[in-house]
1. Which one is farthest from residue 84 (Cα to Cα), of the residues in segment 112-137 that are open to solvent by 30 Å² or more (accessible area, probe 1.4 Å) and hydroxyl-bearing (Ser, Thr, Tyr)?
2. Could you list, in sequence order, the residues of segment 132-177 that are within 22 Å of residue 98 (Cβ to Cβ), of a type outside the set (A, V, I, L, M, F, W, C) and either at pLDDT below 85 or out of contact with any Lys or Arg (no Cβ under 9 Å at 6 or more places or on another chain) (or both)?
3. For segment 100-111, what are the residues that are open to solvent by 20 Å² or more (accessible area, probe 1.4 Å), modelled with pLDDT of 75 or more and either in contact with a strand residue (DSSP E or B) (Cβ under 8 Å, 6 or more places away or on another chain) or of a type in the set (A, V, I, L, M, F, W, C) (or both)?
4. Residue check: is residue 5 in contact with an Asp or Glu (Cβ under 9 Å, 6 or more places away or on another chain), touching a residue at least 12 places away in the same chain (Cβ under 8 Å) and within 21 Å of residue 88 (Cβ to Cβ)?
5. Any idea which of 75, 47, 60 is open to solvent by 60 Å² or more (accessible area, probe 1.4 Å), modelled with pLDDT under 80 and over 17 Å from the mean Cα position of the chain (by Cα)?
6. How many residues are more than 13 Å from the chain's Cα centre (by Cα) and over 16 Å from residue 91 (Cα atoms) when one looks only at segment 110-124?
7. Among 8, 18, which is the only one that is open to solvent by 10 Å² or more (accessible area, probe 1.4 Å), touching a strand residue (DSSP E or B) at 6+ places or on another chain (Cβ under 8 Å), modelled with pLDDT of 80 or more and basic (Lys, Arg)?
Amino acid sequence: WTLVIPARGIDSLSRVKRLVDELAPSMPARVITLCRGWGNALGGISATIESNVVSRPGGARQVYAEEITLTGEGAAPDERHFGALVRSLQIPSLPTATLWLDASPADSLLSNELLPVSDRLVIDTGRCSGARELGAVCRMHAINRVEIGDLGWLRLSGFRLLFAGLFDPPAADGRVE
């Protein structure tokens with residue numbers, strides 16, 4: 001996968017970097033992190049590249065993630081540059097997913113620049129503040145036809161199973177089907 005993760009500011013970038021380090025052994029990927037609002041008054045976009053190497057038993061080392069970080073300096077970097085840079089960094093044979101950790105899905109970077117180059121959007125609707133933001137997620141799907149995975153829905157799997165058990169009779173072995 002090519003995984004695109006936008007961040008806003010240095011604190012958010014640190015959280016994203018830790019998340020990528022945790023994901024690397026279980027999901028080899030090219031990770032493109034876009035950091036807006038870096039805070040440097042010079043302006044422009046800078047890039048760094050890192051390899052996430054994991055040691056295996058017997059001393060072998062394996063690269064699990066290639067991490068490309070694009071930082072937009074200044075208060076409001078031109079987001080159109082981020083979309084163009086993501087397009088140029090994609091590997092043609094790999095699908096692209098955008099992991100949107102920001103609270104608001106109604107963001108021009110997401111809707112105008114990242115969704116057109118994404119095969120899948122992973123979002124956490126638990127961070128949405130109301131029906132308006134949930135509606136924005138539905139409109140994104142209708143306009144871009146991108147598959148959407150919801151972390152909030154996954155968190156509720158235990159509750160959904162218990163709730164479904166109220167309506168389904170137990171199986172012969174005691175399981176709820």
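The values are calculated or read from the model by the stated rules, or taken from the named source; none is laboratory data. Computed from a predicted model, the values in this text were never measured in an experiment. Virtual Cβ from ideal backbone geometry, glycine too; neighbours counted across all protein chains shown. The protein model used for the area step is the full one, side chains on, heavy atoms only, and it has no ligands, DNA or RNA in it. Shrake-Rupley method; radii C 1.70, N 1.55, O 1.52, S 1.80 Å.
1. 129
2. 132, 133, 135, 139, 141, 144, 145, 150, 152, 155
3. 101
4. no
5. 75 is the lone residue from the list that is open to solvent by 60 Å² or more (accessible area, probe 1.4 Å), modelled with pLDDT under 80 and over 17 Å from the mean Cα position of the chain (by Cα).
6. Total satisfying the criteria: 3.
7. Being open to solvent by 10 Å² or more (accessible area, probe 1.4 Å), touching a strand residue (DSSP E or B) at 6+ places or on another chain (Cβ under 8 Å), modelled with pLDDT of 80 or more and basic (Lys, Arg) holds for just one of 8, 18, which is 8.
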